Every structure is written in C-alpha cells, then in structure tokens.
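These notes are about the structure you will find just below.
The values are calculated or read from the model by the stated rules, or taken from the named source; none is laboratory data. As the structure is a computational prediction, the values presented were derived from the model and not from experiment. Reconstructed Cβ throughout: ideal geometry from the backbone, glycine too, with neighbour counts over all protein chains shown. Keep in mind that these areas ignore ligands, DNA and RNA; they rest on the heavy atoms of the full protein, side chains included. Shrake-Rupley method; radii C 1.70, N 1.55, O 1.52, S 1.80 Å.
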Amino acid sequence: MIDSLSAISVFVKVAQVGSFVSAGRALGLSASAVGKRVTSLESSVGAQLLQRNTRRISLTYEGERFLSHALRILEEVDNIQNAMLMSTESPIGRLKISIAPIPHLFSERFNDFLEQHREIEVEFDFSDRFVDLVGENYDAALRVGNDPDGNLRSFYIGDIHSVLVASPGYLTRCGHPEKVDDLLSHALIHYRSRNSGMIQSWPLPNIKSLHLPQTIICNDIDTRINLALNGNGIAYLPLVSIKHHLDSGQLCEVLNEHLTDAGTPLYVVWPYAHRYSLRQRLLIDYLKRMKI
C-alpha cells in the first residue's frame, strides 16, 4: 500500500509540474526514478496516464480521471496523518501568501494571526497577478473573481461590494448624476486590471450600449481613491477600501440604487499537497474564518 501511495504521489507531482525532471527535483528523486514509478503505476492500473513526447508531458483522458481520484486519496491520507501529528508539531517556519491588492481588505484582519503565532515568518505579495502557487512556492492566496482554478483547493469567503463615489467638491462643481445616462457628461475614473489588461466594467443597466467616458484609467486602487478624493471624477471602488471616507463625508455615493450586481466573490485558494505543515493548516483555517 505504501508503495502505491508513493507512486500516486509521484504521478500527482508530475501532473502538476508537467515534467519528470521538475517533479524529481521537488521530491528528491532522479528523473529516471520518477519515470519508473509512473510506468509501474500505469501497469498497475492498466492504462496510460501520461502522454510523453520530447517537448512536454500531458495527461491522457484516463490520466485526468485518475488525477481527480488521486488528489482525493492523498487528501484523505493527509487528513489522517495531520490528525496524528497535530499534537506534536510546532507552527514554525515561513508562510508565503499572494493577496489581491485591495486596501483595508486584509492587513487589519490578519493582526490576530500574527499576534497568536509570532514564531511564524510571513511574506505577503500584494498583486492581482494569478501566481503559480505550486511553481512559485506559495502557501495560499486570496483571489477575487469567479471560477477558482480547478487544480487548487478553494473556499468562498464572501463578496467584496463596490460603490460609485465622488467627492462633495466634484458634485458641487459638476452636478449630481440622477440617472445612468448622466454619466456620459461626467469625468469617470476607470480601473484596468494588471492581470488581464481589461478595463473593469461597471454593473449598470444597458451599460454595454453606452460609451462611457474614459477620462482617467488607472491600474492602482489607492491612486483611484486619491483621484476621487481630490475631485477628479466618479470612481467605482471597493466599499471595504473607502468606508472611512464615506463615513467622514469625504466621498459620497452616487447612482448606487442603479447598480445591478456590485459584489465580486473572494476566495482563499491553496495547493493540493500530500501533507500540510501545521503553519499552513493554521493559516488556511484562519483565512477561511475571515469576515469581510
């Protein structure tokens, strides 16, 4: 049984990284040893799991089916081992986390974790780039948007709600829009994603039939907040990032009764692994309990 689990683990790693050499490097095996274990596994299950050529390795149809079962098997074995090890393992070492760069979304909410586990070192990477969690050695990520990567484990935390806002000075100078069409005569501050290169759409009715002014385009949320605060136009911004500006009256909501769907899902995602360290489990459990 142990040999079978070892072969399954090797196969999963090859499927994740797409290379015998890279899988061997990660597992401390030679590329030939990795190849032999995969071949032995294929013989055991009576099917070819990987398509090999000189340029790349890819999963066959049978390999894709086997991978989904293999991941569940390894996860269950991992749960059993973790239950046995939890009482003796120490939460030490470094954690690496990729986080969507949304001001006030995360840092204040993570203080409790840092205070509870001062022996853990943490590296934060604030970027909307979809990092390769396995290839770049990330322990977890907070990602905004739909359809998390099926090759990763994921947990839905909640929706990040956004609102249309402008400064009182801008509204005094340019007028308060009363209907969606009024935006055509206003200065608008848009967001372009660094990840996709696309300009974020505003969830307003019949918005596709309107050619909204693109007065300012920016790929940074903090900058858009400051532009709105300084009276440069109307911006669509995450509520969590500007709530204190709304409460203080520095920004005012506009047209938000017309927004059709102002929520964007937030997920914590993390790689499948044969075994998670205690620090990783503590991190993932903490992120899953996070409220927004």
- Item | Amide H contacts under 5 Å for residue 105, placed H, 5+ residues apart | none
- Query: Under the rule of -39500 (n - 2.57) per DSSP H run of 4 or more residues, summed and divided by the residues of the chain, what mean residue ellipticity at 222 nm is obtained, to the nearest 500 deg cm²/dmol?
  - Reply: -11500 deg cm²/dmol
- Message: Normalised radius of gyration for segment 162-261, please: alpha carbon Rg relative to 2.2 N^0.38 Å, two decimal places.
- Response: 0.99
- Note on the structure: For the chain, the Cα convex hull volume per residue in Å³ comes to 160
- Task: May I ask you to rank 66, 124 by accessible area, largest first, using a 1.4 Å probe over the protein chains only?
- Result: 124, 66
- Mind checking which lysines have their Cα closer than 28 Å to the Cα of residue 179? Skip sequence neighbours fewer than 8 apart in that chain. 208, 243
- Item | Prolate/oblate/rounded call for segment 240-285, Cα gyration tensor, a/c under 1.5 rounded | oblate
- P(r) over all Cα-Cα pairs of segment 81-174, 5 Å bins from 0 to the longest distance, whole percent per bin, short to long, reads 2, 9, 15, 18, 18, 13, 9, 5, 4, 3, 1, 1, 1, 0
- Note on the structure: The base-10 log of I(q)/I(0) that the Debye equation returns for segment 1-86 at q = 0.15, 0.23, 0.24, 0.26 Å⁻¹, one scatterer per C-alpha, is -0.53, -1.16, -1.24, -1.39
- Item | Charge-dipole axis of the chain as Lys and Arg at +1 and Asp and Glu at -1 on Cβ define it, positive-most pick from 256, 187, 154 | 154
- Item | Evaluated at q = 0.21, 0.27, 0.35 Å⁻¹: base-10 log I(q)/I(0), Debye formula over Cα of segment 156-196 | -0.83, -1.05, -1.29
- Note on the structure: Phi angles of segment 189-200, converted by Karplus (6.51 cos²θ - 1.76 cosθ + 1.60, θ = phi - 60°) into ³J(HN,Hα) in whole Hz with x for Gly and Pro, give 10, 10, 10, 10, 5, 5, 6, 9, x, 8, 7, 5
- Binned Cα-Cα distances of segment 170-228, short to long, each 10 Å bin given as a whole percent: 20, 51, 27, 2
